[in-house]
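Each value in this text was obtained by applying a stated rule to the coordinates, not by laboratory testing. The structure displayed is predicted, hence computed values, not measured ones. Here the Cβ positions follow ideal geometry from the backbone for every residue, glycine too, while neighbour counts run over all protein chains shown.
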Amino acid sequence: MLIAYITNKNKTEAKKIAKYLLSKKLIACANIFPINSLYFWKGKLQDDKEVVLICKTSESKFSQLEHEVKKIHSYETPCIIKIECEANAEYENWIKNQVEVA
């Protein structure tokens with residue numbers, strides 16, 4: 001099991017991406033959280049409100065997930081981070097059943 005951590009410009013974009021990934025069976029579920037991000041972009045310090053999308057998926061789906069997010073994301077350089085993790089067996093089986101049927 002893994003988590004894809006994806007930052008977005010707003011809640012609307014995060015929901016759009018989550019629904020798109022769910023429709024393609026690339027994720028089993030998603031959580032959306034408001035965040036404050038500090039970073040340098042093109043030489044200037046940015047202090048932005050963003051929304052993070054946390055998606056639960058399988059290792060086998062990450063490459064396709066990354067490809068699909070890059071196609072529809074508004075950012076020039078989207079943040080798509082892969083976090084490998086473990087969960088209780090029942091939850092991991094549920095994740096696998098949701099994404100592996102496609």
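Think of it as helices only: each DSSP H run of n ≥ 4 in the chain is worth -39500 (n - 2.57), and spread over all residues that comes to -10500 deg cm²/dmol at 222 nm. Taken about its Cα centre, the range 2-99 carries a charge dipole of roughly 460 debye when the Cβ of each Lys and Arg holds +1 and the Cβ of each Asp and Glu holds -1.
Dipole of the range 2-99 computed with +1 at Lys/Arg Cβ and -1 at Asp/Glu Cβ about the Cα centre; of Asn8, Ser37, Ile80, farthest Cα towards the positive end is Asn8.
For the chain, the percent of C-alpha pairs falling in each 10 Å distance bin, counted from 0 to the bin holding the largest distance, reads 15, 48, 27, 8, 1. A Cβ-based charge dipole, computed about the Cα centre of the range 48-90 with Lys and Arg at +1 and Asp and Glu at -1, lands at about 160 debye.
Gaussian network model of the chain, Cα springs within a sub-10 Å range: biggest mean-square fluctuation belongs to which of Lys25, Lys42, Lys82? Sorting by GNM fluctuation, first place goes to Lys42.
Normalising the average separation of contacting C-alpha pairs (under 8 angstrom, six or more residues apart) by the number of residues puts the relative contact order of the range 2-99 at 42 percent. The long axis of helix 89-99 is offset from the longest Cα principal axis of the chain by roughly 80 degrees. Using θ = phi - 60° in the Karplus curve 6.51 cos²θ - 1.76 cosθ + 1.60, the 3J(HN,Hα) couplings for the range 13-24 round to 5, 4, 5, 4, 5, 4, 5, 4, 5, 5, 5, 8 Hz; x is entered for Gly and Pro. Could you identify which residue out of Ala28, Ala18, Ala87 has the top mean-square fluctuation in a GNM of the chain using Cα springs shorter than 10 Å? Most flexible of the set in this elastic network: Ala87. Peptides 46-52, 62-68 ordered by packing proxy, namely the average of other Cβ atoms within 10 Å per residue, highest first: 62-68, 46-52.
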